[in-house]
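Following: one structure in structure tokens, then a few remarks.
Values quoted throughout were computed directly from the atomic coordinates according to the rules given, and no laboratory measurement underlies them. Bear in mind the structure is a predicted one, so any value in this text is a computation, not a measurement. Virtual Cβ from ideal backbone geometry, glycine too; neighbours counted across all protein chains shown.
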Amino acid sequence: MIHTDALVVGAGPVGLFQVFQLGLLGLKAEIIDVLPHAGGQCTALYPDKPIYDIPGVPVCTGRELTQQLLIQAAPFMPTDAPGAPPRNLHLGHMVSELRALPEGSFEIQTDKGLQARARSVFIAAGAGAFVPRGLNLPGLEAVHNLHYFLPEQAEAPMPWAGRHLLIHGGGDEALAAALDMAQHPDPAQRPARLSLLHRRDQFQADDELDKQVRALMAAGQIELVVGMPVAAQVEGEHLTALQILGADGQTRTQTLDHLLVRLGMSPKLGPLTTWGLTLERKQVAVSTASFESSIPGIHAVGDINTYPGKKRLLLCGFHEATLAAHHAAATVHPDAPQHLLYTTTSPLLHQRLGVAR
């Protein structure tokens, strides 16, 4: 059982900034996200697309913004060694249960058995928990060679190195993955054979990305498979082939060693709907004074919340996280003086940030 001051559900930009604001106020936080990497919607949907409306940052990508927020929050995300993942960042977990305890704190459990108790909860889940759109074929529940994510680190070993990799999808995510795999800087990590499966010979991707992938197809580095998967062949815990229905109505067998499904991400509220929160159009209703929900001690910040005049913009989420942190600090430490301190002048904040002045 993990014991902490605050639990942040969601490691997107607003969730990461929430951790930073809580840390400034002396509150320890644990962060949970269903994705295998930090960044939420920014890295799941548009990691390399430009963002132009972050104050003081003329332009950055979703990936770059996430990295900067991780650096900013680093004083409050301890690691066991340089380069090691933060101890308080729990990725690949979905909060399955949340219950209020009599003394005013909260207990949560994730779908992978992680348990934590917190004195306050911050829901920073964007439009919901982003989960990959799956392949609705029976028999795939326990196979080991079905993948939905690329390795988080570029230098990580590729499970399909030297094997036949079939990528399913026709959008930016699928084509970018095909391009990355075909041009991996380490030839030993590339698939021996690379196929791209899509329902038709037209993609819904960026024009330049489309051109690059088609050039590799013309060069014989990527094979295009046109059709829809209608059945899977599984031997033990290994997917060996897909049955593909073509436009001509004929079904063909496509063998493979690994299947990477890149059909996009879908936000789902999931278990959040059972926590007793007041919801309006699938968003958590909050007070604009504290960004507290209908349950005292549970706050909601970013795209997951709603209130009169709400704008679903990143900069609004940063503002909400700041006010929510201050409200939580006053609640967790009611006897402590609530002075507004500034990072430019406060020795206490410099100490918390590890800044020498």
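Going by alpha carbons, how many degrees (0 to 90, nearest 10) lie between the helix axis of 207-218 and the longest principal axis of the chain?
Rounded to the nearest ten degrees, it is 30.
Which residue fluctuates the most in the chain, going by a Gaussian network model with Cα springs under 10 Å, if the choices are H93, H339, H258?
In the Gaussian network model the winner is H339.
Springs between alpha-carbon pairs under 10 angstrom, Gaussian network model over the chain: which of E280, E235, E103 fluctuates most?
E103
When the dipole is taken about the Cα centre of the chain, and only Lys, Arg (+1) and Asp, Glu (-1) are charged at their Cβ, what size is it in debye, to the nearest 20?
Computed about the Cα centre, the dipole is about 400 debye.
Out of all DSSP beta bridges with both ends in the chain, state the antiparallel percent to the nearest 5.
45
Kindly express, to the nearest 10 degrees and within the range 0 to 90, the angle between helix 62-73's C-alpha long axis and the longest C-alpha principal axis of the chain.
30
Once phi is turned into θ = phi - 60°, what whole-Hz ³J(HN,Hα) does the Karplus curve with 6.51, -1.76 and 1.60 give for every residue of region 108-123, x standing for Gly and Pro?
Each residue's phi maps through the Karplus curve to give 10, 9, 9, 5, 10, x, 5, 10, 8, 10, 9, 7, 8, 10, 10, 8 Hz.
For region 1-156, what's the radius of gyration and Dmax over Cα atoms, in angstrom?
Gyration radius and largest Cα-Cα distance of region 1-156: 16.5, 50 Å.
What residue among Q250, A182, V213 has its Cα farthest toward the positive end of the dipole of region 134-262, where the charges are +1 on Lys, Arg and -1 on Asp, Glu, each on the Cβ?
Toward the positive end, the furthest listed residue is Q250.
What is the Cα coordinate range of region 221-357 on the first, second and third principal axes, sorted by size from largest, in whole angstrom?
73, 42, 31
Given N residues in the chain, what is Rg(Cα) / (2.2 N^0.38 Å)?
1.11
With the Cα gyration tensor of region 134-262 in hand, give its eigenvalues times 5 under a square root as the equivalent ellipsoid semi-axes, listed largest first in whole angstrom.
For region 134-262, the semi-axes come out at 22, 19, 12 Å.
Step by step: find N for region 115-162, compute 2.2 N^0.38 Å, then divide the Cα radius of gyration by it. What's the final number?
Taking N as the residue count of region 115-162, the ratio is 1.73.
In whole Hz, with x marking every Gly and Pro, tabulate ³J(HN,Hα) for region 80-97 from phi via Karplus 6.51 cos²θ - 1.76 cosθ + 1.60, θ = phi - 60°.
So the Karplus estimates, Gly and Pro as x, are 7, 7, x, x, 6, x, x, 5, 9, 10, 10, 9, x, 10, 10, 5, 9, 9 Hz.
Can you tell me what the convex hull of the Cα atoms of region 53-116 projects to on average, as an area in nm²?
The Cα convex hull of region 53-116, projected and averaged over all directions, gives 7.0 nm².
Go through K282/K311; K28/K49; K49/K211; K28/K282; K49/K310 and tell me which ones have a Cα-Cα distance over 22 Å in this structure.
As for pairs spanning more than 22 Å Cα to Cα, those are K28/K49; K28/K282; K49/K310.
With axes computed from alpha carbons, what is the tilt in degrees of helix 314-332 against the longest principal axis of the chain, rounded to the nearest 10 within 0 to 90?
Its long axis makes an angle of about 40 degrees.
Using a 10 angstrom cutoff on alpha carbons, build the Gaussian network for the chain and name the most mobile of S294, S266, S346.
The residue with the greatest mean-square fluctuation here is S346.
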